[in-house]
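Everything below concerns the one structure shown next.
FYI, it's all coordinate maths here, none of it is from the lab. This structure is a prediction, so every number in the text was calculated from the model and none was measured. In this analysis, Cβ positions are derived from the backbone assuming ideal geometry, glycine residues included, and neighbour counts consider all displayed protein chains.
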Amino acid sequence: MASTEIMTVNMGPQHPSTHGVLRLVVELDGEIIKKVTPHIGYLHRGVEKLSEHRTYHQTIPLTDRLDYLAPMSNNLGYVLAVEKLLGIEVPERAQTIRVIMAELTRLKSHLVWIACHALDIGAMTVFLYAFREREQVMDLYEMVSGARMTSNFFRVGGLSKDVPEGFTAAVKEIVDTFPDRFDTYEGLLTKNTIWLQRTIGNGVISAEDAIDYGITGPALRGSGVDWDLRRDNPYSGYDKYDFKVPVGENCDTFDRYKVRLVEMREAVKIIKQALDSLKPGPVLADEPQVCYPPKENVYNTIEGLIHHFKIASEGFPVPEGEVYQSVEAPKGELGYYLVSDGGTKPYRMRIRPPSFVNLQAIEKMAKGAMIADLVAVIGTLDIVLGEIDR
Amino acid sequence: MADMAENNRALIRLQEKFAPSILDIKEFRGEVTITVKKEDNVAVCKFLKEELRYNLLTDVTAVDYLGTDPRFMVVYNLYSIPNKDRIRIKAPVAESDCSIESVCSLWSTANWLERETYDLMGIVFNNHPDLRRILMTDDWVGHPLRKDYPLQGPDREPYKGRLS
């Protein structure tokens, strides 16, 4: 009988397929994975601690840098949590624009996912196409917020400003052209033998185990759990839109791939409906205690200037209490647990990052697989280290 | 708001079964928060998971109320996928006996979440399968999210706010 020896291999933190600075210590029996131990924290910036020393508005730019592939989803979760604490209503136009931007963010994040996931397991062409499309979304980001990635566009009570002229046309362009582009990706992958062999039966996790491991988002839906926060606990007026929640059957990487592709198509549908229902109106709540005054007041009146200065420097007091608000971010349930002591800074802000919780399941999903399949499992979990390490 | 809390089915069942261990019930912005004695955290979570279908443990974290006794609050955010409903369980932990029973036996996801709470808040989870630091390095001293841990690190001048 051949004797085998367990070998311990270090993968990462500098490794192109670990999507950032993830380090995996892999115990191998030949090519077969016996155990995976993730080591994280290389990108820890102490966002939760920092937020305790900043006003509520000053924390918004920190949230951009959590899941840097989906900044506006992070912004959205955070401002919704603060608004819930304050108990303020957001004007309809602001809500609709938030939905449009959040869904564009989903597209942007899923485009990076499909690009890198395919590149990791040997299909390079998709990468180039998906990044071309992502650029279009980035241009829209730049158009509304001035930044391609760190958007900082939402404010407590609404938006930092209304969208510029040409926004509607640019979004329409995306709505009109993207479904064809998705057909291209499917044409490149869905019947591609190599793709099928690398993804079918890979990274299987049953629905029960997935819930036990706290997996959320497309990774959970790929295991057949029909649950989407946008539909089941709607926020920002998601209940007004008609969209399907795709669910997988076989709990493997291929099903998660199909789920995310349908999600992209559904996102385009939501954007289209939101765009059709977009009406003129204010984009910031009428809450002078909390919201910044209009810029023309700031520049032309002393009261407006003082008002702006007060909110920018001191912030605003928030009633004592605690809330948990979560959104369906592209990667899963992104939650913010905010505790206020009645002051102008959060007493405690806890971020519940989807990637952190999802990554934990890698120990189970990769066990018994080949070492080459490990990168497929990382890709299918769609992690981003900025959010894991915070 | 009080009516809502009283109508909450889960709450009624919990009150029936765990009346002596419930310390406080709060309703704020439509969210129910139940504070229980820390000795009963696993029993309460088990009951919620198995009898009331709160099958997803969304989050485990802690809050440091420096200057009060007990100092820490361990917070469990639970979600019920069948009922689309949330509930929050809190358990006070004193600084002198800074430990609480782990809920890893109920949910595997608690493993990393509790490790993070241990790492950043310094709360020990008893019977945790692998209680190591997770975000900070293994040789780190102190627990950064505690309120008495200076923002700029232990060896530097305390943060006094922005100078500009």
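A few notes on this one:
- For the residues B:ILE134, B:ILE123, B:ILE34, the requirement of being within 13 Å of the chain's Cα centre (by Cα), among the β-branched types (Val, Ile, Thr) and more than 30 Å from A:GLU89 (Cβ to Cβ) singles out B:ILE123.
- Of all the criteria given as (1) of a type in the set (Val, Ile, Thr); (2) in contact with a Gly (Cβ under 9 Å, 6 or more places away or on another chain); (3) under 22 Å from A:GLU135 (Cα atoms), the one not satisfied by A:ILE205 is (3).
- The range A:326-340, residues that are more than 9 Å from chain B (Cβ to nearest Cβ) and either outside any loop (DSSP other than H, G, I, E, B) or of a type in the set (D, E, K, R) (or both): A:VAL327, A:GLU328, A:ALA329, A:LYS331, A:GLY332, A:LEU334, A:TYR336, A:LEU338, A:SER340
- Tally of residues being more than 8 Å from chain B (Cβ to nearest Cβ) and out of contact with any Lys or Arg (no Cβ under 9 Å at 6 or more places or on another chain) across the range A:216-228: 3
- Yes/no for A:LEU381 being out of contact with any Asp or Glu (no Cβ under 6 Å at 6 or more places or on another chain) and more than 13 Å from every other protein chain (Cβ to nearest Cβ): yes
Residues checked against (1) surrounded by 20 or more Cβ atoms within 10 Å (Cβ to Cβ); (2) among the acidic types (Asp, Glu); (3) at the interface with another protein chain (Cβ under 10 Å from one of its Cβ atoms):
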| site | (1), (2), (3) |
| --- | --- |
| B:VAL103 | yes, no, no |
| B:ASN126 | no, no, no |
| B:ASP139 | no, yes, no |
| B:LYS147 | no, no, yes |
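- Picking from residues in the range A:352-370 that are more than 9 Å from chain B (Cβ to nearest Cβ) and among the hydrophobic types (A, V, I, L, M, F, W, C), the one that is farthest from B:SER108 (Cα to Cα) is A:MET370.
- Candidates B:PRO92, B:PRO70 - the one that is free of Cβ contacts under 8 Å to residues at least 40 places away in the same chain and either surrounded by fewer than 22 Cβ atoms within 10 Å (Cβ to Cβ) or away from chain A (no Cβ under 14 Å) (or both): B:PRO70
- Among the residues listed as B:VAL44, B:VAL63, B:VAL36, the single one being surrounded by 19 or more Cβ atoms within 10 Å (Cβ to Cβ) and within 19 Å of A:GLU320 (Cα to Cα): B:VAL63
- Residues of the range A:240-286 that turn out to be in contact with a helix residue (DSSP H, G or I) (Cβ under 7 Å, 6 or more places away or on another chain), among the charged types (D, E, K, R) and either assigned to a helix (DSSP H, G or I) or on the phi > 0 side of the Ramachandran plot (or both), as a count: 5
- Scanning the range B:47-67 for residues being among the charged types (D, E, K, R) and facing chain A (nearest Cβ under 9 Å) gives a total of 2.
- Whichever residue in the range A:234-262 is in contact with a Phe, Trp or Tyr (Cβ under 9 Å, 6 or more places away or on another chain) and in contact (Cβ under 8 Å) with a residue 40 or more places away in the chain and, among such residues, is nearest to the other protein chains (Cβ to nearest Cβ): A:ARG260
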